[in-house]
1. Any idea how many Lys pairs in the chain come in under 30 angstrom at the alpha carbon, given 8 or more places apart or on separate chains?
2. For the chain, build the charge dipole from Cβ charges (+1 Lys, Arg; -1 Asp, Glu) around the Cα centre, then report which of Tyr93, Leu45, Gly14 sits farthest towards its positive end.
3. Less than 11 Å Cβ to Cβ from Lys41, Lys/Arg counted +1 and Asp/Glu -1: what total charge do the surrounding residues give?
4. Counting Lys +1, Arg +1, Asp -1, Glu -1, what net charge surrounds Ile112 among other residues with beta carbon under 9 Å of its beta carbon?
5. If you stretched the chain out fully between Gln71 and Leu13, how much longer would it get, using 0.36 nm times the residue separation minus the C-alpha to C-alpha distance?
6. Once you charge only the Cβ atoms, +1 for Lys and Arg and -1 for Asp and Glu, what is the size of the charge dipole of the chain about its Cα centre, to the nearest 20 debye?
7. Can you tell me the FRET efficiency between Gln57 and Ala143 if r is taken as the Cβ-Cβ distance and R0 is 30 Å, rounded to the nearest 0.05?
8. If R0 is 35 Å, what FRET efficiency do you get for Lys43 and Val20 from their C-beta distance, rounded to 0.05?
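Since every read-out is calculated from the coordinates, none of them should be taken as a lab result. Because the structure is a prediction, the values reported are computed rather than measured. Cβ atoms come from the backbone with ideal geometry, glycine included; neighbour counts cover every protein chain shown.
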Amino acid sequence: MKRIGFEGGFTYLGVLFAVVLLGVALAATGEVWHTSLRREKEKELLFVGSQFRQALQSYYQKSPGAKEYPQRLEDLVRDNRFPFPVHHLRRIYQDPMTLNTDWGLLRLEGRIVGVYSLSRDRPVKQGGFSPEYKAFEQQESYAGWVFLGVENVPAVQK
């Protein structure tokens, strides 16, 4: 005599187990993908920040007369202090972490000496920075990654 439906229960449990394993595997893959995406955004932030840093230094070094930093980020894109406008920066870059062009500005006597991301997320990268970015190590948020156009900043306001 053959039992009908007895083996069907094992098949059902096998399918449920397979679905659970697939869900766990997809969740792990999603986490790895998310971390990889954040690392790419961090690399982009380091690139964009270095562009701002170089533009601030260029603006300062090329100042006619007394050396000064810009009052607005737009002054880095189009510096009208010369007969023909100088472009220290191609455009105001988008912050890869917040996906907008709003940046935190570090000012000294009303002039911009540095920029930083407004993101409060904790960075994945916590060490292994190049010498000019050693201060970024162990920062609690991307806002701690300040890209300065000046070496020694006495007292700046965020």
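1. Lysine pairs meeting both conditions in the chain amount to 14.
2. About the Cα centre, the residue reaching furthest to the positive side is Gly14.
3. Details: positive: Arg38, Arg39, Lys43, Lys125; negative: Glu40, Glu42, Glu44, Asp95, Asp121.
That sum, taken over residues with Cβ under 11 Å, equals -1.
4. In short, +2.
5. Numbers: separation 58, 0.36 × 58 = 20.88 nm, distance 6.75 nm.
Stretched out fully, the Gln71 to Leu13 stretch lengthens by 14.1 nm.
6. Values: 21 positive and 17 negative charges, 32 e Å.
Value, rounded to 20: 160 debye.
7. Numbers: r = 22 Å, r/R0 = 0.72.
The pair Gln57/Ala143 has a calculated efficiency of 0.90.
8. On the way: r = 36 Å, r/R0 = 1.02.
With R0 = 35 Å, the Cβ-Cβ based efficiency is 0.50.
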